[in-house]
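The values are calculated or read from the model by the stated rules, or taken from the named source; none is laboratory data. Worth saying up front: this structure is predicted, and the values here are computed from it rather than measured. Methodologically, a virtual Cβ is constructed for each residue, glycine included, from the backbone with ideal geometry; neighbour enumeration extends over all protein chains shown. Quick note on the areas: whole protein, heavy atoms, side chains included, nothing else; ligands and nucleic acids left out. Shrake-Rupley method; radii C 1.70, N 1.55, O 1.52, S 1.80 Å.
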Amino acid sequence: MAVSLLASPHIRVSVGIGEGVSQDFEKAIQEALKDTGISEYFSSQHPLHQTLRMSSAGTPGVSPALLIAFSPGVTKECHSLSHDIHTQLRKLSANRIPIFGGASGDYFRWESNYQIANDRVFTDSIALAFLESEILFGMGMAHGYLPTTKRALVTKATGHVVNELDGRPAAKVVGEILGVPLKEFVSRDFPLSKFPFGATDVYGNSLLNVPERVLKDGSIQFGTIMSTDQVITLMQGEDEDIVGAGLSAYEKAIRQGGLGKPALALMLSCSLRISGGRKTSEVKRIRENSSVPMCGFYSFGEKGLSDDGLPVFGNQSVSMLVFSDELNPVASLILKGKSIYQEFTSQLERKESQIKSISRINQIIQDGTDVGRLLTALTTELTVLFPWAQGAFYLSTDESKTYALASASDLDQFPTHILINDEEKPGYATIMLDSHSKRFGVLFLKQKDDGFEPEGEDLVLAETIGGLTAGGLQRIELDSRLDLKLQQLEIINQLGTELSKTVSTSAQSQNILKHMRQILKLSFASLWLVDRTHQLLTKEAMDGGGDFEIGQLEK
């Protein structure tokens, strides 16, 4: 067993998982990207998709990021969707992010596959690790096979399944190419995967298409996605070339990454390559020709970079990732630009949130007619505007410098009464609610135990909120006084009107009382006059609303 630990102040890593690949691999991909916290990089609508710019074809060494992906390998019940997953990740990233990884299995039992992430073991899942790094790295891929002259044209294919080659059943044509009788060829014991086919791209690179099994209808299932009108060629390789593929992949990684000081190598080699003595020989050759520590896995499908620098999925291959003991200035510049963008965006979003909150606060103050309800509403807004603090409003009492609690975000955090002096308490911000030389109360902001230190800008904003609140309290007080004066004037006006009428005294009293009750918005009112002869109060009139009833007096 081997363990490799990657740690550096120049590496930032996030890990995530997406489950249920066999049911819906696209949903599992989205789940894994979200869990890893990197969905924005894979969305063409998000600025970070453009900001990082990742790698470009032929220049993987400038990439400031790397995706390590482990997908589910083939089982007896389900073919592997690793190629589908890799293709989807390529599309979502526009080929800008180098992808390294492989497909996991269960050591040739073909019953399940396992992925390990965030201290848990999963099956049928995608495990992702996203590395952002200023450390220079390179990737390479090789397999050691060469094309033969035996080839066929795919004339009918669906997904991973090739139905026909050269217009005939695929199994029959492959059997003829291999020189194996059809009966033996379709046997479950026939080592079909040990005979890879290849497809050559426009650059002359051969990517292996490994057949996995023969289906009952004579079709052949491949590990990769196959397409109609594709020419596949039987590949063959000498042991020497196949064993040397690991070293070739290592050298490609150094060359493509432009590495001057290789320091660590991660290797993924196809499990089909370990037959015979290849397993020991492949690793031994790399160690003999490199001086770096190396760690890795045997896998059931490999993800890496092709010779032209694009993400590619292979099988029967070796994928190599090599880190160098040197920093990449281009990656540093890209990551710095990303950091500046994120900081600017964060500040912009914070400003926008503050402006919206201040607008709501101003509206609350303008609409407020009751001091208690106003301060309660403002306290709620303060928790949004100042997430670092608990807030409370205190109002002036008759006693000098003593204030009573009127509203608080957490009543347990504040006493019911406080005495204000000139001493500043650490962890508290005290804002006096002063308007036109009159103090209406105090706004207290108490820093949370797990909260960050407020900046000068936060305290200036708190002073602004305090000023607006004091203005609102003064307006409510003036409005109350004005309402009282208006009520008094209206009562006096009604008194004059009623007294000028030529009606009985009892009728005048009843009308006056009715108007007074309505003006003062009382549920019930009664008018009592002094009987100076008997030195008693006598009830002259009473008035109540339609829904008001006087109950019996209980002793």
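Please go through region 478-504 and pick out each residue that is farther than 30 Å from LYS438 by Cα and either touching a Phe, Trp or Tyr at 6+ places or on another chain (Cβ under 7 Å) or loosely packed, with under 11 Cβ neighbours inside 10 Å (or both).
If the condition is that a residue be farther than 30 Å from LYS438 by Cα and either touching a Phe, Trp or Tyr at 6+ places or on another chain (Cβ under 7 Å) or loosely packed, with under 11 Cβ neighbours inside 10 Å (or both), then ILE492, GLY496, SER500, LYS501, THR502, SER504 are the ones that fit.
So, in region 181-195, of the ones that are out of contact with any Gly (no Cβ under 9 Å at 6 or more places or on another chain) and open to solvent by less than 80 Å² (accessible area, probe 1.4 Å), which residue ends up modelled with the lowest pLDDT?
SER187
Give region 166-198 a look and list any residue that's part of a strand (DSSP E or B), in contact (Cβ under 8 Å) with a residue 40 or more places away in the chain and out of contact with any Phe, Trp or Tyr (no Cβ under 8 Å at 6 or more places or on another chain), or say none.
Once the filter is applied, which keeps residues that are part of a strand (DSSP E or B), in contact (Cβ under 8 Å) with a residue 40 or more places away in the chain and out of contact with any Phe, Trp or Tyr (no Cβ under 8 Å at 6 or more places or on another chain), region 166-198 yields only PRO169.
What's the number of the condition LYS76 fails, among (1) in contact with a Phe, Trp or Tyr (Cβ under 8 Å, 6 or more places away or on another chain); (2) assigned to a loop (DSSP other than H, G, I, E, B); (3) of a type outside the set (Phe, Trp, Tyr); (4) modelled with pLDDT of 90 or more?
Failed condition: (4).
On the basis of being touching a residue at least 24 places away in the same chain (Cβ under 8 Å), in a helix (DSSP H, G or I) and open to solvent by 30 Å² or more (accessible area, probe 1.4 Å), does SER353 make the cut?
When the stated conditions are applied, SER353 passes them.
All but one of (1) open to solvent by less than 80 Å² (accessible area, probe 1.4 Å); (2) at pLDDT 75 or above hold for LEU536; which doesn't?
So LEU536 meets the others, but not (1).
Among the helices (runs of 4 or more DSSP H) lying completely within region 199-310, list those that include at least 1 residues that are modelled with pLDDT under 85 and open to solvent by 20 Å² or more (accessible area, probe 1.4 Å).
239-243, 278-288
ASN421 fails exactly one of the following numbered conditions: (1) polar (S, T, N, Q); (2) free of Cβ contacts under 8 Å to residues at least 60 places away in the same chain; (3) assigned to a helix (DSSP H, G or I). What is the number of that condition?
Result: ASN421 fails condition (3) only.
Test ILE365 against the criterion of being among the aliphatic types (A, V, I, L, M), surrounded by fewer than 16 Cβ atoms within 10 Å (Cβ to Cβ) and either in a helix (DSSP H, G or I) or touching an Asp or Glu at 6+ places or on another chain (Cβ under 6 Å) (or both), and give yes or no.
Spelling it out, it is not the case that ILE365 is among the aliphatic types (A, V, I, L, M), surrounded by fewer than 16 Cβ atoms within 10 Å (Cβ to Cβ) and either in a helix (DSSP H, G or I) or touching an Asp or Glu at 6+ places or on another chain (Cβ under 6 Å) (or both).
I'd like to check something: does region 514-526 contain any residue that is modelled with pLDDT under 80, open to solvent by 70 Å² or more (accessible area, probe 1.4 Å) and of a type in the set (Ser, Thr, Tyr)?
no
Return a yes/no flag: does region 453-464 have any residue that is hydroxyl-bearing (Ser, Thr, Tyr), farther than 26 Å from ARG360 by Cβ and assigned to a helix (DSSP H, G or I).
no
Being in contact with a Ser or Thr (Cβ under 7 Å, 6 or more places away or on another chain), not in a strand (DSSP E or B) and not small (Gly, Ala, Ser): is that true of LEU33 here?
The answer is yes for LEU33.
Would you pick out the residues in region 431-456 that are open to solvent by 50 Å² or more (accessible area, probe 1.4 Å) and of a type in the set (S, T, N, Q)?
If the condition is that a residue be open to solvent by 50 Å² or more (accessible area, probe 1.4 Å) and of a type in the set (S, T, N, Q), then SER437 is the only one that fits.
Output the qualifying pairs, or none if there are none: Cβ atoms under 6 angstrom, residues six or more apart or on different chains, first residue in region 318-333 and surrounded by 22 or more Cβ atoms within 10 Å (Cβ to Cβ), second residue of a type outside the set (A, V, I, L, M) and in a helix (DSSP H, G or I).
VAL318/GLY246; MET320/TYR250
For residues in region 379-412 being of a type in the set (A, V, I, L, M) and in contact with a helix residue (DSSP H, G or I) (Cβ under 6 Å, 6 or more places away or on another chain), which is most open to solvent (accessible area, probe 1.4 Å)?
VAL384
Please go through region 79-103 and give me each residue that is outside any loop (DSSP other than H, G, I, E, B), open to solvent by 20 Å² or more (accessible area, probe 1.4 Å) and touching a Phe, Trp or Tyr at 6+ places or on another chain (Cβ under 7 Å), ordered by number.
Passing the criteria: HIS83, ASP84, LEU92.
Conditions: (1) of a type in the set (Asp, Glu); (2) assigned to a loop (DSSP other than H, G, I, E, B); (3) touching a residue at least 24 places away in the same chain (Cβ under 8 Å). GLU490 meets all but one. Number of the miss?
Every condition holds for GLU490 apart from (2).
Pick from TYR107, TYR114: which is open to solvent by 30 Å² or more (accessible area, probe 1.4 Å) and in contact with an Asp or Glu (Cβ under 7 Å, 6 or more places away or on another chain)?
TYR114
Does ILE126 meet the test of being under 17 Å from VAL21 (Cα atoms), in a strand (DSSP E or B) and modelled with pLDDT of 90 or more?
So ILE126 fits the description; yes.
Check off (1) modelled with pLDDT of 90 or more; (2) under 46 Å from the mean Cα position of the chain (by Cα); (3) buried (at least 18 other Cβ atoms within 10 Å of the Cβ) for SER133 and give me the number that stays unchecked.
(1)
Among the residues of region 202-225, how many are farther than 15 Å from CYS78 by Cα, free of Cβ contacts under 8 Å to residues at least 60 places away in the same chain and in contact with a Ser or Thr (Cβ under 9 Å, 6 or more places away or on another chain)?
1
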